[in-house]
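The values are calculated or read from the model by the stated rules, or taken from the named source; none is laboratory data. Just so we're clear, the structure is a prediction, and the values are computed from it rather than from any experiment. For neighbour counting, all protein chains shown are included, and Cβ atoms are generated from backbone atoms with ideal geometry for every residue, glycine included. Note: areas computed on protein heavy atoms with side chains; ligands, DNA, RNA excluded. Shrake-Rupley method; radii C 1.70, N 1.55, O 1.52, S 1.80 Å.
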Amino acid sequence: RLEYDLISCSTDNQHVIVSFLNKDFNGKDENIALGNAGITINKNTVPGETRSPFITSGIRVGSPALTARGMKEAEFELIANRIADVLDDINNTDKQRKIAAELKDLAHQFIIYNKATF
């Protein structure tokens, strides 16, 4: 299902870099579409980059903000699938809004702080 090229995805690093050299869209497009869906990523250059560093052919996805909330494998799988859903239909803003609502509900299940920590 997830037909994207992972450049970096080892367990010793909390980031995954995904290459879109073989896709029509670019890191800037992805950043906007995923942002509309409530998913924060960074556009990133990739090995063999053919686009400007301001556009890029890839994205970097990080996990620290999610693990800090207590999310585990099941939540990461859901989020990875939603990323693919957005990228598979990158111009579908209705889908992006629906995914944003779904992920907002997910985030509410993993509150960072519910009381003072001192």
Just the residues that are more than 18 Å from residue 75 (Cα to Cα), assigned to a helix (DSSP H, G or I) and of a type in the set (A, V, I, L, M), please, taken from region 87-118. 87
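Only one of 25, 54 is at pLDDT below 90, under 24 Å from residue 97 (Cβ atoms) and either out of contact with any Asp or Glu (no Cβ under 6 Å at 6 or more places or on another chain) or not aliphatic (A, V, I, L, M) (or both); which?
Numbers: 54 fails: under 24 Å from residue 97 (Cβ atoms).
It is 25.
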Do you know which of the residues in region 77-118 that are basic (Lys, Arg) and surrounded by 10 or more Cβ atoms within 10 Å (Cβ to Cβ) is farthest from residue 66 (Cα to Cα)? 95
Can you tell me which residue within region 46-64, out of those that are open to solvent by less than 60 Å² (accessible area, probe 1.4 Å) and hydroxyl-bearing (Ser, Thr, Tyr), is nearest to the chain's Cα centre (by Cα)? 63
Go through region 15-37 residue by residue and tally those that are surrounded by 15 or more Cβ atoms within 10 Å (Cβ to Cβ) and part of a loop (DSSP other than H, G, I, E, B). 5
For region 97-112, indicate whether the set of residues that are modelled with pLDDT of 95 or more, among the β-branched types (Val, Ile, Thr) and over 17 Å from residue 41 (Cβ atoms) is non-empty. no
Are any of the residues in region 59-71 among the polar types (S, T, N, Q) and more than 30 Å from residue 113 (Cβ to Cβ)? no
Any idea which of 40, 67 is surrounded by fewer than 16 Cβ atoms within 10 Å (Cβ to Cβ), out of contact with any Lys or Arg (no Cβ under 8 Å at 6 or more places or on another chain) and not in a helix (DSSP H, G or I)? 40
